[in-house]
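The structure under discussion appears below in the form of structure tokens.
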Amino acid sequence: MPISLSAPGPVMSQVPVGSATHCPYCALQCGMYVAGGEISPREDIPANAGGLCQKGWTAAELLASPERLTTPLLHGRPVSWDEALAFVARRILEIQAEHGPDGVAVFGGGGLTNEKAYQLGKFARVALRTSQIDYNGRFCMSSAAAASNRAFGMDRGLPFPITDIGRAGAVLLAGGNVAETMPPFVRHLTAMRGRGGKLVVIDPRLTQTARLADLHLQVTPGTDLALALGLLHLAIADGYADLGYLAERTSGFEAVRTSVSAWWPERVERVTGVPIALMREAVRILGTADRAMILTGRGAEQHSKGTDTVTAFINLALTLGLPGREGSGYGCVTGQGNGQGGREHGQKADQLPGYRKIDDPAARAHVARVWGVDPADLPGPGRSAYELLDALGTPAGPKALLLFGSNPVVSAPRAGHVRDRLASTDLLVVSDFVLSETAAMADVVLPTTQWAEEAGTMTNLEGRVLLRRQAAAPPPGPRTDLAILSGLAERLGHGHRFSPDPRTVFDELREASAGGIADYSGITYERIAAETGVFWPCPSAGEDAAPHPGTPRPFLDGFATPDGRARLVPVEHRPPAEDVDEEFPLYLTSGRVLAHYQSGAQTRRIRALVQASPEVFVELHPELAERLGIDPGDRVRVRTRRGAVEGAARLSAAIRTDTVFVPFHWEGVNALTNPALDPVSRMPEFKVCAAAVERCTPGERVA
């Protein structure tokens, strides 16, 4: 097909504009109404059932932000859409002519709708024919996903409705601070405790979530895996192993039993700092509950051994007989807005739609048929997220990057190095609605519509597919990401393959996912609206059959493995990739705060949230502060082998004396973090590295 460097403008959604939609932030995807610039909560979405956090209540302010982008920018100069897209298409062709298809890379985001994530993967492999695509969800849920896939044959964050949590008798939450990161989640924990259930929290800090707990295990950073092995040792030794369940529904228990025999309580206490009595009580709480759940969050997962850490917690859950029983199980508390759907339909380096593997010949044949291409023309697996960013501009790496829905200058590990790699590209194109730190570096910035100004589907942390309706009209100028991809595809000779309409794209996604693990083929916009969400897998039932009801609890009758059994996998603890030493004697850990979300590109532009949390702070224990001569409010510097960041000292007895905490919503914080990768998931080790803290100029204070 001949290449055109001009194309028609965007086609807006065929979904009618209405006020009922979903929050732009976390994976709860809280239901809300948007009308007249005001937000009100919806009661019909079980995840939030009428509740919102501060971020949700203030989300509409961003729609009218004075920092909103409305015109494409080419080298900082406002230009027309035609000029911007023609420039991008021409440079793509030039770079690929010189360096091959993999000379151009694509980077997506876990906040993109299912339609965008699907279309982005298709665009990379069909319009660009590049293998170089991944997304920022690699930095979030990938370790839990890898562990779930090898244990259960399926990765669905919570393989049960979130309302099941409220009916549990016990919940162990490892490395999650939901009271600050997704406050409406707490209602389910509160309901559980109101019925007499017990909450156990594992965290190096006495977080707001840990303060709600009946038991807090204040683990040394980087030792969650050792703790999980110790808990499993005790569960077996104290007689809580469900031997009948293990024999009937699992494989691999004997190897795991042998592997944890060396993790006796005294050893685990020395490694983790958690007293034996507390470990034993945690196991008793889980082992005696009529229904129990083990949940993991980023604190346990964002490590160079994150997959093995989650596997150890899954082994514990399986030993106790929890997964596949209604009201019990293991689950990952997915973080990003579409962190679940975003990892299912093809924007990952090794994946095709429906959670298919890109190196599976049958998967390639099926998806190629839907896309109307030869399977042989589809590229193979590419680099994972950090490896892709690290390769930019290098002799063997991509020379151009198209980036959608991400801000790696703030969010990537070793972010200073990532900034340098982005600067080394021959072409950097960013689609965003504000001039984020990454967009500010771009050769071309393409202004996109926001969450409330477009339609599409999101899949929340339960695996419930939701309809995000267009609730507000966009200002003149911005286009949807689907329209941007359609416009670029037209100029690259593939316009007929890329619709800008979300319903059309979703219908193609349904066909492409049919028969896959994440089968959406039986889900329609109409069903989602009528049922306030549909759980996948939901295959198409055929014209004459009753619609498939969806699958709220996929493991009740068996697991998604070839033999239907869950797999226990032996794993071994190992220290952090970078442990403390004389030069860097403290553990640095990072995380989110109540007022902000991810890289802060949205929340740092909302007045009330900035007032609540205006800048970087460094949390340290009063005893540590006294040793270092630091007073509350002093300006302090945190150093690692990769960089330094400064912030106000915040003294708190809620943190361990050997640990400092810094929230990562501001540029510079992730310049400190260690990019050491998990060998399975390729997750970087965000959650622990060696650091030193020092007071800046005496008497200098941060307001």
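The values are calculated or read from the model by the stated rules, or taken from the named source; none is laboratory data. If you're wondering where the values come from, they're calculated on a predicted model, not measured in any experiment. Here the Cβ positions follow ideal geometry from the backbone for every residue, glycine too, while neighbour counts run over all protein chains shown. Keep in mind that these areas ignore ligands, DNA and RNA; they rest on the heavy atoms of the full protein, side chains included. Shrake-Rupley method; radii C 1.70, N 1.55, O 1.52, S 1.80 Å.
In the set Ala368, Ala396, which member is more than 20 Å from Leu120 (Cα to Cα) and surrounded by fewer than 20 Cβ atoms within 10 Å (Cβ to Cβ)?
Numbers: Ala368 fails: more than 20 Å from Leu120 (Cα to Cα).
Answer to the check: Ala396.
Answer with yes or no whether Ser251 is more than 30 Å from Leu189 (Cβ to Cβ) and buried (at least 19 other Cβ atoms within 10 Å of the Cβ). Break it down into steps so the answer makes sense when it comes.
Working: more than 30 Å from Leu189 (Cβ to Cβ): yes; buried (at least 19 other Cβ atoms within 10 Å of the Cβ): no.
No: the conditions fail for Ser251.
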Single condition Asp443 does not satisfy, out of (1) over 21 Å from the mean Cα position of the chain (by Cα); (2) crowded, with 24+ Cβ neighbours inside 10 Å; (3) not hydroxyl-bearing (Ser, Thr, Tyr) = (2)
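Residue-wise test of (1) in contact with a Leu (Cβ under 6 Å, 6 or more places away or on another chain); (2) polar (S, T, N, Q).
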position: Ala262; (1), (2): no, no
position: Thr272; (1), (2): yes, yes
position: Ala292; (1), (2): yes, no
position: Leu295; (1), (2): yes, no
position: Arg325; (1), (2): no, no
position: Thr334; (1), (2): yes, yes
position: Gly339; (1), (2): no, no
position: Arg356; (1), (2): no, no
position: Asp360; (1), (2): no, no
query = Which ones in segment 82-115 are touching a residue at least 60 places away in the same chain (Cβ under 8 Å), farther than 19 Å from Gly397 by Cβ and in contact with a strand residue (DSSP E or B) (Cβ under 7 Å, 6 or more places away or on another chain)?
reply = Ala84, Phe87, Val88, Gly109, Gly110, Leu112, Thr113, Asn114, Glu115
request  = Have a look at Ala89, Ala84, Ala64 and point out the one that is at pLDDT below 95 and either under 30 Å from Glu38 (Cα atoms) or under 31 Å from the mean Cα position of the chain (by Cα) (or both).
outcome  = Ala64
ask   = Pick from segment 507-557 the residues that are of a type in the set (Asp, Glu), outside any loop (DSSP other than H, G, I, E, B) and open to solvent by 50 Å² or more (accessible area, probe 1.4 Å): which of them is farthest from Lys116 (Cα to Cα)?
value = Glu531
note = Note on Thr309: of the conditions (1) farther than 16 Å from Cys140 by Cβ; (2) surrounded by 24 or more Cβ atoms within 10 Å (Cβ to Cβ), unmet is (1)
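Search segment 388-415 for residues being part of a helix (DSSP H, G or I) and touching a Lys or Arg at 6+ places or on another chain (Cβ under 7 Å), and hand back the single one that is nearest to Thr480 (Cα to Cα).
So in segment 388-415, the residues part of a helix (DSSP H, G or I) come out as 388-391, 408-411, 415.
If we keep only those that are touching a Lys or Arg at 6+ places or on another chain (Cβ under 7 Å) too, we end up with 389-391, 409.
Numbers: Leu389: 25, Asp390: 29, Ala391: 29, Val409: 23 Å.
Checking each candidate, the answer is Val409.
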ask   = Does any residue of segment 371-384 turn out to be of a type in the set (Asp, Glu), farther than 30 Å from Thr480 by Cα and open to solvent by 10 Å² or more (accessible area, probe 1.4 Å)?
value = no
task = Could you tell me whether segment 179-187 includes any residue that is buried (at least 23 other Cβ atoms within 10 Å of the Cβ) and closer than 19 Å to Gly306 by Cβ?
result = yes
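What residue, among those in segment 631-683 that are aliphatic (A, V, I, L, M), outside any strand (DSSP E or B) and more than 19 Å from the chain's Cα centre (by Cα), is nearest to Ser599 (Cα to Cα)? Give the steps one after another, and end with the answer.
At the first step, the residues of segment 631-683 found to be aliphatic (A, V, I, L, M) are 636, 638, 644-645, 648-649, 651, 653-655, 660, 662, 669, 671-672, 676-677, 680, 683.
The next check asks that each one be outside any strand (DSSP E or B); those that pass are 653-654, 669, 671-672, 680, 683.
This time we only want the ones that are more than 19 Å from the chain's Cα centre (by Cα), so: 653-654, 671-672.
Working: Ala653: 27, Ala654: 24, Ala671: 13, Leu672: 15 Å.
The selected residue is Ala671.
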request  = Sort out which residues of segment 630-684 are closer than 23 Å to Asp579 by Cβ and acidic (Asp, Glu), and write them in order of number.
outcome  = Asp658, Asp678
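Counting only residues that are over 21 Å from Leu128 (Cα atoms) and touching a helix residue (DSSP H, G or I) at 6+ places or on another chain (Cβ under 6 Å), how many does segment 398-410 have? Walk me through how you get there before you give the answer.
Kept after step one, since they are over 21 Å from Leu128 (Cα atoms), are these residues of segment 398-410: 407-410.
Checking which are touching a helix residue (DSSP H, G or I) at 6+ places or on another chain (Cβ under 6 Å) leaves us with 408-409.
Residues meeting the conditions: 2.
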query = Given the conditions (1) touching a helix residue (DSSP H, G or I) at 6+ places or on another chain (Cβ under 7 Å); (2) closer than 28 Å to Cys23 by Cβ; (3) among the basic types (Lys, Arg), which single one is not true for Lys198?
reply = (2)
request  = Could you grab the pairs with beta carbons closer than 9 Å, sequence gap of 6+ or different chains, first residue in segment 342-365 and on the phi > 0 side of the Ramachandran plot, second one surrounded by 21 or more Cβ atoms within 10 Å (Cβ to Cβ) and of a type in the set (S, T, N, Q)?
outcome  = Gly346/Gln119; Gly354/Ser513; Gly354/Ser521; Tyr355/Ser513
key: Top-ranked residue in segment 442-458 [being out of contact with any Leu (no Cβ under 7 Å at 6 or more places or on another chain) and not acidic (Asp, Glu); ranked as nearest to Gly37 (Cα to Cα)]   = Trp451
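Can you tell me which residue among Gly477, Gly493 is closer than 17 Å to Ala127 by Cβ and either at pLDDT 95 or above or open to solvent by 40 Å² or more (accessible area, probe 1.4 Å) (or both)?
Working: Gly477 fails: closer than 17 Å to Ala127 by Cβ.
Residue meeting the stated conditions: Gly493.
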ask   = Looking at segment 27-136, what strands (runs of 3 or more DSSP E) fall wholly within it and have at least 3 residues that are touching a helix residue (DSSP H, G or I) at 6+ places or on another chain (Cβ under 9 Å) and open to solvent by 10 Å² or more (accessible area, probe 1.4 Å)?
value = 38-41
inquiry  = When you scan segment 682-701, do you find a residue that is polar (S, T, N, Q) and open to solvent by less than 50 Å² (accessible area, probe 1.4 Å), even just one?
reply    = no
